[in-house]
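Trainee: Quick one: this structure, given as structure tokens, is what I'll be asking you about.
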Amino acid sequence: MGVQIVAEVSTGNSVQFLIQKTMMQTSNSPASSFRHTIMPSLPQLLSGRILHFAKLSATSSYESHSTEKVKFPKKISRKPDSGSPPRKTQKLNLEVSPHRAVSAVRLMRIELGGAFADLLNEQGKGSGDNEMGYVERTLGFRTRHLEDRDLRLVTEIVGGTIRWRRYLDHLILSLCHDESTFRSMEPLLLQILRIGFYEITKLDMPPYAVVDENVRLAKVALRPGAGNLVNGILRKLIVLKESDSLPAVKVDGDDRQQARGLATLYSHPVWMVRRWTKYFGWDEAIKLMTWNNSSPSFSLRANTGKGLTGADLVSRLKMLKVPHEPSLYLDDFVRIKTGMQNVIQAGLLKEGFCAVQDESAGLVVSIVDPQPGENIIDCCAAPGGKTLFMASCLNGQGTLFAVDINEGRLRILKETAKLHQVIDVISTIHADLRTFSTDKVVEWDKVLLDAPCSGLGVLSKRADLRWNRKQEDMEQLKHLQDELLDSASRLVKPGGVLIYSTCSIDPEENEERIEAFLLSHPEFDIDPVNRYVPEDFVTTRGFYMSNPVKHELDGAFAARLVRSQ
């Protein structure tokens with residue numbers, strides 16, 4: 001079934017839409033997958049640099065994008081029941097559950113339109129009118145506006161439904177009359193069923209309320225026949241769940257068959273499961289997938305550039321009644337599990353009081369060890385989380401150059417630097433690092449290459465990323481990372497330091513890239529990171545590695561290399 005949707009990219013506080021046509025894909029697994037070329041979320045909300053691309057070559061930009069804008073489709077096409085008179089569109093419907101309507105539309109935008117789940121889930125109350133605008137254009141009606149409880153439910157349902165998509169589709173497929181019913185299902189109908197299945201199997205919501213609400217949504221948004229289908233399948237699911245006889249997932253056979261079973265049971269792509277069992281073993285792979293399927297926690301960094309401290313941040317969180325705990329590893333960082341909506345609505349991010357930054361990214365900055373008076377360059381700087389943290393460490397003394405291939409994202413970084421009051425030490429450079437490094441006239445004390453990567457260490461926060469990443473991406477990324485490492489090395493002065501980092505847990509993007517680099521660059525040596533981070537994060541080779549399961553942080557890697565005099 002062809003559907004014209006759009007991709008979204010964030011530009012400051014606004015969202016632009018890019019043309020994208022996709023097809024419902026069902027050939028290899030129940031979970032459909034869609035590729036897109038878009039850019040990461042708000043700079044305050046992402047700690048890692050994750051590359052999205054349709055095709056990458058040695059000469060291509062490492063973040064290609066379109067600039068043609070279009071509007072979101074006005075309506076999802078309906079299939080009227082035979083003999084049913086056409087129904088008038090209801091502009092306001094107070095009977096349909098608002099959080100389910102919004103969740104269904106968000107899921108459509110994420111899966112078919114290329115939007116980011118984290119961006120949509122962190123918009124807060126201020127986007128209520130826009131939210132209902134999407135609902136009306138997609139479904140043909142508005143519901144009442146979202147209250148705080150609705151917002152929390154949307155966040156939970158959207159994130160959970162995306163994480164468990166493969167497993168949910170396994171259940172839906174098992175309960176359909178035949179496979180063709182599932183394969184030909186309209187995208188919106190499939191999203192409604194996924195929501196219902198997630199609510200019943202993972203949230204333990206009152207089952208018959210779930211049935212009634214989702215049936216009503218299907219009938220109003222699609223047609224009566226769609227509601228009848230939802231009613232029959234969800235009621236069958238309830239009977240099976242109450243009798244503890246949900247369709248089982250077999251994890252047996254050879255390694256490939258076992259990987260497919262685990263991929264369905266823990267809702268991950270098969271290639272990821274095979275890769276992780278190869279590198280980490282079966283038990284660790286299962287623990288990692290379990291972590292990725294859990295609700296994520298977040299860390300906030302107090303903006304020391306404004307003279308604020310972790311104690312100031314704790315005081316504000318107490319006023320907002322947001323549960324929190326101090327970081328175990330970094331001063332001025334605070335962890336929160338819930339309450340992000342309160343933080344956003346209180347304006348703490350917008351005012352530059354703090355930034356959302358995972359401790360794993362903060363520890364990379366500890367490895368850079370920026371000191372006042374130093375001359376530092378961040379080679380792939382946008383969205384700017386590490387850039388801003390490093391700038392605050394300079395205390396207004398020194399220079400920090402931020403290079404990025406994307407001019408729009410550099411503008412956002414610059415605006416955020418003004419907000420955080422660290423703009424006086426930051427200079428932005430719009431350039432492709434590979435070209436920029438060949439024309440250099442300056443060598444820097446410290447060079448940070450926070451390389452574009454797969455993002456396999458941040459899947460708990462980026463629920464949608466697991467379905468957008470492909471195995472073939474890994475080879476292209478490794479080639480790009482090698483090119484960028486070589487380019488960054490040219491900027492390091494004799495006696496200077498090169499820091500390579502990723503938000504990946506994959507050895508081929510991490511240790512193997514450094515080993516390959518050292519073979520062709522004998523002028524560099526490993527500088528063990530144990531002086532900069534707790535010993536628990538230091539590998540046998542002296543690299544930094546945060547393990548999501550072990551440390552309860554995002555997965556990240558960093559190597560510190562010193563150039564000989």
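Trainee: Give me the one-decimal nm value for the distance between modelled label points at VAL442 and ASP331, 7 Å along each residue's Cα-to-Cβ direction.
Mentor: Taking the two extended label points, one gets 2.9 nm.
Trainee: Still on this structure, I have one more. Length gain on complete extension for the stretch ARG235 to ASN342, per 0.36 nm per residue less the alpha carbon to alpha carbon distance? Walk me through the numbers before you get to the answer.
Mentor: Numbers: separation 107, 0.36 × 107 = 38.52 nm, distance 3.65 nm.
Here the answer is 34.9 nm.
Trainee: For segment 282-353, which whole-number percentage of the solvent-accessible area (1.4 Å probe, protein heavy atoms only) is attributable to carbon and sulfur atoms? If you can, show how the numbers build up before the last one.
Mentor: Numbers: 1940 of 3480 Å².
The value for segment 282-353 is 56 percent carbon and sulfur by accessible area.
Trainee: Taking a 25 Å limit on the Cα-Cα distance, which of the listed pairs LYS337/LYS418; LYS318/LYS550; LYS287/LYS470; LYS321/LYS418; LYS386/LYS418; LYS241/LYS321 fall beyond it? Display every interim value, and only then the final one.
Mentor: Values: LYS337/LYS418 29 Å; LYS318/LYS550 28 Å; LYS287/LYS470 21 Å; LYS321/LYS418 29 Å; LYS386/LYS418 15 Å; LYS241/LYS321 37 Å.
From the list (LYS337/LYS418; LYS318/LYS550; LYS287/LYS470; LYS321/LYS418; LYS386/LYS418; LYS241/LYS321), the Cα-Cα distance tops 25 Å for LYS337/LYS418; LYS318/LYS550; LYS321/LYS418; LYS241/LYS321.
Trainee: Moving on. At what distance in nm do the modelled label points of HIS521 and GLU472 sit from each other, each positioned 7 Å from its Cα along Cα→Cβ?
Mentor: Distance between the two pseudo-spin positions: 3.0 nm.
Trainee: Which trypsin sites (Lys or Arg not before Pro) does segment 206-313 hold that lie in a coil by DSSP with at most 12 other beta carbons within 10 Å? Spell out each step's value before the answer.
Mentor: Details: sites: ARG216, LYS219, ARG235, LYS236, LYS241, LYS250, ARG256, ARG260, ARG274, ARG275, LYS278, LYS287, ARG301, LYS306; in loops: LYS250.
Loop-located and lightly packed - LYS250.
Trainee: What is the calculated FRET efficiency for ASN395 to LYS493, with r their C-beta to C-beta distance and R₀ = 30 Å, to the nearest 0.05?
Mentor: Values: r = 22 Å, r/R0 = 0.74.
Taking R0 as 30 Å, the efficiency between ASN395 and LYS493 is 0.85.
Trainee: Label 7 Å along Cα→Cβ of LYS306; segment 352-381 residues with amide nitrogen under 17 Å?
Mentor: Within reach of a label on LYS306: 352-357.
Trainee: Give me the number: length gained by fully extending THR435 to ARG541, i.e. 0.36 nm times residue separation minus the C-alpha to C-alpha distance, one decimal in nm. Can you show the working numbers first?
Mentor: Working: separation 106, 0.36 × 106 = 38.16 nm, distance 3.13 nm.
Residue separation times 0.36 nm, minus the Cα-Cα distance, leaves 35.0 nm.
Trainee: Loop-only GluC sites (Glu not before Pro) in segment 126-214, please: DSSP not H, G, I, E or B, and at most 15 other Cβ atoms within 10 Å.
Mentor: Values: sites: GLU131, GLU136, GLU147, GLU156, GLU179, GLU199, GLU213; in loops: GLU147.
The qualifying sites are GLU147.
Trainee: Report the extension gain between GLU415 and ASP244 in nm, rounded to one decimal, defined as 0.36 nm multiplied by the number of residues separating them, less their alpha carbon distance.
Mentor: In short, 56.1 nm is gained.
The values are calculated or read from the model by the stated rules, or taken from the named source; none is laboratory data. Computed from a predicted structure; not experimentally measured. So basically every Cβ, Gly included, is an ideal-geometry build from the backbone, and we count neighbours across all protein chains shown. Keep in mind that these areas ignore ligands, DNA and RNA; they rest on the heavy atoms of the full protein, side chains included. Shrake-Rupley method; radii C 1.70, N 1.55, O 1.52, S 1.80 Å.
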